[in-house]
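*Asks:* If you scroll down you'll find the structure; I have some questions about it.
The values are calculated or read from the model by the stated rules, or taken from the named source; none is laboratory data. All figures in this text were calculated on a predicted structure; none of them were measured in a lab. Neighbour counts run over all protein chains shown; Cβ positions are idealised from the backbone, glycine included. Ligands, DNA and RNA are stripped out before the accessible areas are found, and what is left, the full protein with its side chains, is counted by its heavy atoms. Shrake-Rupley method; radii C 1.70, N 1.55, O 1.52, S 1.80 Å.
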Amino acid sequence: MRGIIGFVVMLQGALGLLGLLFFDGPWGVLRHWVDLQWPAYAGVFAAGAALMAWGEWDRKRKGEGEAA
């Protein structure tokens, strides 16, 4: 579940950042709730990537524990 949530958060950060850097304004759902600057969108992207990595690491750890 962490991986799915991390993917959605990472996607919202990427859409906001790409929209701000290359187009008129941020994209995604997050822009409807809060008004963020580009460093905040980069942080949202990084937080989503960390959630995905944590979920994958935990799934791998649990898989190794069951195999032993």
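*Asks:* With angles folded into 0 to 90 degrees, how steeply does helix 2-22 sit against the dominant principal axis of the chain? Use alpha carbons for both and round to 10.
*Replies:* Between helix and principal axis, roughly 20 degrees.
*Asks:* Given a 1.4 angstrom probe, what's the average accessible area per residue across the chain, in square angstrom?
*Replies:* Per residue, the chain has an accessible area of 74 Å².
*Asks:* Now for a separate question. Counting only protein heavy atoms and using a 1.4 Å probe, what share of the accessible area of the chain belongs to carbon plus sulfur, as a whole percent? Don't skip to the end; give the middle numbers.
*Replies:* On the way: 3440 of 5010 Å².
Summing carbon and sulfur atoms, their accessible area is 69 percent of the total for the chain.
*Asks:* Let me ask another. Largest first, how would M10, M1 line up by accessible area (1.4 Å probe)? Display every interim value, and only then the final one.
*Replies:* On the way: M10 40, M1 160 Å².
Sorted descending by solvent-accessible area, the residues read M1, M10.
*Asks:* Only Cα pairs under 8 Å and at least 6 apart count here; give the relative contact order of the chain as a rounded whole percent.
*Replies:* Across the chain, relative contact order equals 45 percent.
*Asks:* Then there's this: What is the Cα convex hull volume of the chain when expressed per residue in Å³? Please list the in-between numbers first.
*Replies:* Numbers: hull volume 4.6 nm³, N = 68.
So the per-residue hull volume is 68 Å³.
*Asks:* What's the magnitude of the charge dipole for the chain around its Cα centre, counting Lys and Arg as +1 and Asp and Glu as -1 at the beta-carbon? Answer in Debye, nearest 20.
*Replies:* 160 debye
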